[in-house]
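Asks: Take this structure first; my questions come after.
No lab work stands behind these numbers, since they all come straight from the coordinates. Not measured: the values here are computed from a predicted model. Positions of Cβ are backbone-derived with ideal geometry, glycine not excepted, and every protein chain shown enters the neighbour counts.
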Amino acid sequence: MEVTRDRAWQTLTAYTKSEALLRHALAVEAAVGGYAQRFGEDEEIWRATALLHDFDYEIHPTLDKHPQDGAPILREEGWPDEVVESVLSHAEHLEMPRDTQLKKTLFACDELAGFIHACGLVRPTGIDGLEPKSVKKKLKQPSFAAGVHRDEVYAGAELLDLTLDEHIANVVAAMQPISTELGLRTAADAA
Ligand SMILES: [Fe+2]
Ligand SMILES: [Fe+2]
């Protein structure tokens, strides 16, 4: 099969109806796609993988099933090993090696994209003008977006050999163009 982000979107939306989950997929796609450009990697494969990483979460909402029981569905549809293995590797509980740049990047973007999204939801201008400094401040408040694993955010930046500031700035910049799709307000709305 030809791996495209549009094909991945079809698979994702066949299994996922929740707006929050679709927005999470789009946010992670934007972040991972931004890094594909930055690293000169295959953007379609990277974007498809990001869109698919939680595709089965609605049908498999527990860690005894997600994402491992989604993998056979992806294989059945003809997704290549690179995509399926990368999807599997995002899950901490499967303890798979993150031995490719795509696996590292997916892991590094998953929790951080969610956290930045949460930061944007409480700002009148969404993520427009959101500085790494204020994201880091919120990371230190355990009650804010409590479901986001801080240790995974810090480990992700390290895996990419980036400072946390650089990683945050990259992910904010990648998500900014799709603010509206993410349900975030923009500076233009606030004006
Ligand atoms: Fe997941
Ligand atoms: Fe995720």
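Asks: Given an 8 Å cut-off on Cα distances and at least 6 residues of separation, report the relative contact order of region 1-68 as a percent. Don't jump to the answer; show the numbers that get you there.
Replies: On the way: 76 pairs, mean separation 29.1, N = 68.
Once divided by the residue count of region 1-68, the mean separation gives 43 percent.
Asks: Gap in Å between the Cα centre of region 70-95 and the Cα centre of region 1-60?
Replies: With region 1-60 and region 70-95 each reduced to a Cα centre, they are spaced 12 Å.
Asks: Please report how many Lys pairs in the chain have alpha carbons closer than 24 angstrom, counting only residues at least 8 apart along the chain or sitting on separate chains. Each step should come with its number before you reach the end.
Replies: On the way: K17/K65; K65/K103; K65/K104; K103/K136; K104/K133; K104/K136; K104/K138; K104/K140.
Final tally of qualifying lysine pairs is 8.
Asks: Per residue, what volume in Å³ does the convex hull of the Cα atoms of the chain enclose? Write down the numbers at each step before the final one.
Replies: Working: hull volume 21.5 nm³, N = 191.
Taking only Cα atoms, the chain has a hull volume of 113 Å³ per residue.
Asks: I would also like to ask the following. Calculate one ³J(HN,Hα) per residue across region 181-187 by plugging θ = phi - 60° into the Karplus curve 6.51 cos²θ - 1.76 cosθ + 1.60, and present them in order as whole Hz with x for glycine and proline.
Replies: Ordered by residue, 3J(HN,Hα) equals 4, 7, x, 9, 6, 10, 4 Hz.
Asks: Turning to a different aspect of this structure: Counting pairs of alpha carbon atoms under 8 Å apart in space and at least six apart in sequence, what relative contact order in percent does the chain give? Intermediate values should be presented prior to the final figure.
Replies: Working: 254 pairs, mean separation 45.1, N = 191.
24 percent.
Asks: Using the Cα centre of region 38-163 as the reference point, and only Cβ charges (+1 on K/R, -1 on D/E), how large is the resulting charge dipole? Debye, rounded to the nearest 20. Show your work: numbers first, answer last.
Replies: Values: 14 positive and 25 negative charges, 202 e Å.
That gives region 38-163 a dipole magnitude of about 980 debye.
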